[in-house]
Amino acid sequence: MTPQQPARLPALPDTRNLWRTGQLHEMGLNSRAIKALILNGKLVRLRHGCYIRAELWEKQTGPARSRQLIRAHAHGTLTRLDGRLRVQPHLGRPAAWFVSMGC
């Protein structure tokens, strides 16, 4: 009986450091691949549907992490990627600051 080869860990995309689940799926990573990356310390789930590269998260200070969590919330709720402003119904104002945060 031969020992099983360990499964090869999927690679994170070279571009960006913050992704929504849909973006990772579009880049070829399925739910199992995302879970494997989290379990192996390569990816951190910041909130439902939003992930950051673990290497970046680990070297950030407390205040930087707080800002990153705000950015992740904005990134996770941003659904329009064509650059046009949209109104957040629960805020009643344009979401321009989402775009200005580089999401």
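Laboratory data are not the source of any read-out in this text; all were calculated from the coordinates shown. Just so it is clear, the model here is predicted, and its values are computed rather than measured.
Please compute the length gained on full extension between residue 16 and residue 55, using 0.36 nm multiplied by the number of residues separating them and subtracting their Cα-Cα distance. All intermediate terms of the calculation are to be shown ahead of the outcome.
Values: separation 39, 0.36 × 39 = 14.04 nm, distance 1.23 nm.
Result: 12.8 nm gained on full extension.
Rounded to whole Hz and in sequence order, give me ³J(HN,Hα) for the range 32-39 from the Karplus expression 6.51 cos²θ - 1.76 cosθ + 1.60, θ = phi - 60°, writing x for Gly and Pro.
Result, rounded to whole Hz: 5, 5, 4, 4, 4, 5, 5, 5.
If you average 1/r across every pair of different Cα atoms in the range 8-66 and take the reciprocal, what Kirkwood value do you get, in Å? Walk me through the numbers on the way to the answer.
Working: mean 1/r = 0.0858 Å⁻¹.
By the Kirkwood definition, the hydrodynamic radius is 11.7 Å.
Going by amide H atoms built from the backbone, whose H comes under 5 Å of the H on residue 46, apart from near neighbours?
51, 52
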